[in-house]
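Colleague: Could you have a look at this structure, given as structure tokens, before my questions?
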Amino acid sequence: MKVLLNCTVNGEDRSVLADTRDTLLDLLRERLGLTGTKEGCGNGNCGTCTVLMDGVPINACLVLAVEVPGRSVTTIEGLSAGGELHPLQQAFVEHGGTQCGFCTPGIVLAAKALLDENPRPSEAQIRHAIAGNLCRCTGYGKIVEAIAAVAAAQGQSR
């Protein structure tokens, strides 16, 4: 069965026809063409599909699309503005926090949620915030360094 969903994605009000069985991941990738959100495990264990819903990191593979109306969803595409990378995205590049890049969108969004809630997290808090995001390429060291660098830069500008 198809339903018309009205939702806010990356700050834009969107109307999209979706199947009642679609997940938020399906809605983003297949219906809206936002392919930055990746599918890893499909059962909520890897964090690859992490997006922000009302500022909270969630696994898009576990949320039905019909749950989205009235909520605000932010994907990796929604972080950059005017062609400029978000500071977290830039820090991941500068600190070598990406390798294959498959897990990067989910980790960046989990980190954004952390820094929005706690602008000066400890290393342990950073590691806890990204614990639900698996990366097979790195040892997480450079990822943690990138997030810590953004936190430090934010602390200096306050």
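Colleague: Determine the gain in length on full extension of the stretch R21-S122; use 0.36 nm per residue of separation and subtract their C-alpha separation, reporting nm with one decimal. Walk me through the numbers before you get to the answer.
Modeller: Numbers: separation 101, 0.36 × 101 = 36.36 nm, distance 3.99 nm.
Length gained between R21 and S122: 32.4 nm.
Colleague: Based on the Cβ-Cβ distance from A131 to Q156, what FRET efficiency comes out when R0 is 25 Å, to the nearest 0.05? Don't jump to the answer; show the numbers that get you there.
Modeller: Numbers: r = 27 Å, r/R0 = 1.08.
It comes to 0.40.
Colleague: Here's a follow-up. Show the residues, 5+ positions off or on another chain, whose built amide H is closer than 5 Å to the amide H of R71.
Modeller: Long-range HN contacts for R71: T8.
Colleague: Something else: Per the Cauchy relation, a quarter of the hull surface: what is the mean projected area of the convex hull of the alpha carbons in the range 74-139, in nm²? Could the numbers behind the result be given before it?
Modeller: Working: hull surface 18.7 nm².
With the hull built on Cα positions only, its mean projection is 4.7 nm².
Colleague: Turning to a different aspect of this structure: For the range 1-94, I need the span (max minus min coordinate) of the C-alpha atoms along each principal axis, in Å, sorted largest to smallest.
Modeller: Sorted largest first, the three principal extents are 46, 29, 21 Å.
Colleague: Nearest 0.05, what FRET efficiency do Y140 and M1 give at R0 = 41 Å with Cβ-Cβ as r?
Modeller: Plugging the Cβ-Cβ distance into 1/(1 + (r/R0)^6) gives 0.45.
Colleague: Ok, one more. Measuring from label point to label point, each 7 Å out along Cα→Cβ, what is the R14 to L64 span in nm?
Modeller: It is 2.0 nm.
Colleague: In deg cm²/dmol and to the nearest 500, what is the mean residue ellipticity at 222 nm of the chain if only DSSP H runs of at least 4 residues count, each as -39500 (n - 2.57), divided by the residue total?
Modeller: Rounded to the nearest 500, the figure is -8500 deg cm²/dmol.
Colleague: Here's a follow-up. Which FRET efficiency value, to the nearest 0.05, is calculated for R71 and N43 with the Förster distance at 22 angstrom and r the Cβ-Cβ distance?
Modeller: Efficiency at R0 = 22 Å is approximately 0.50.
Colleague: Separation between the A81 and T35 pseudo-spin-labels, each 7 Å from Cα along Cα→Cβ, expressed in nm?
Modeller: Each label point is offset 7 Å from its Cα along the Cβ direction, giving 2.8 nm.
Colleague: Treat every Asp and Glu Cβ in the chain as -1 and every Lys and Arg Cβ as +1, leave all other atoms uncharged, and give the resulting dipole magnitude about the Cα centre to the nearest 20 debye.
Modeller: Working: 13 positive and 16 negative charges, 47 e Å.
The calculated dipole for the chain is roughly 220 debye.
Colleague: Then there's this: Where the centre of each part is set by its Cα atoms, how far does the range 109-158 sit from the range 63-81, in angstrom?
Modeller: 21 Å
Colleague: Between L32 and residues 5 or more places away or on another chain, which pairs have amide H atoms under 5 Å apart, with H built 1.01 Å from N, and which residues are they?
Modeller: none
Colleague: Let me ask something else. Considering only H86, P69, L5, whose Cα is most displaced toward the positive end of the charge dipole of the chain, charges sitting on Cβ of Lys, Arg (+1) and Asp, Glu (-1)?
Modeller: Towards the positive end, the residue furthest out is H86.
Colleague: Roughly how compact is the chain, stated as its Cα Rg over 2.2 N^0.38 Å to two decimals?
Modeller: Expressed relative to 2.2 N^0.38 Å, the Cα Rg reads 1.03.
Colleague: Could you rank the peptides 58-67, 22-31, 104-113 by their average count of other C-beta atoms within 10 Å per residue, with the highest value first?
Modeller: Answer by packing, highest mean first, reads 104-113, 22-31, 58-67.
Colleague: Express the Stokes-Einstein translational diffusion coefficient of the range 51-103 in µm² s⁻¹, to the nearest whole number, given a Kirkwood radius over alpha-carbon pairs, 37 °C and a viscosity of 0.692 mPa s.
Modeller: Translational D for this selection: 256 µm²/s.
Colleague: Another question about this same structure. Among A153, C100, L32, whose Cα sits farthest toward the positive end of the charge dipole of the chain (+1 at Cβ of Lys/Arg, -1 at Cβ of Asp/Glu, about the Cα centre)?
Modeller: With unit charges placed on the Cβ atoms, the residue in question is C100.
Read-outs: derived from the displayed coordinates by stated rules, not from any lab. A quick note: this is a predicted structure, and the numbers were derived from the prediction, not measured. Positions of Cβ are backbone-derived with ideal geometry, glycine not excepted, and every protein chain shown enters the neighbour counts.
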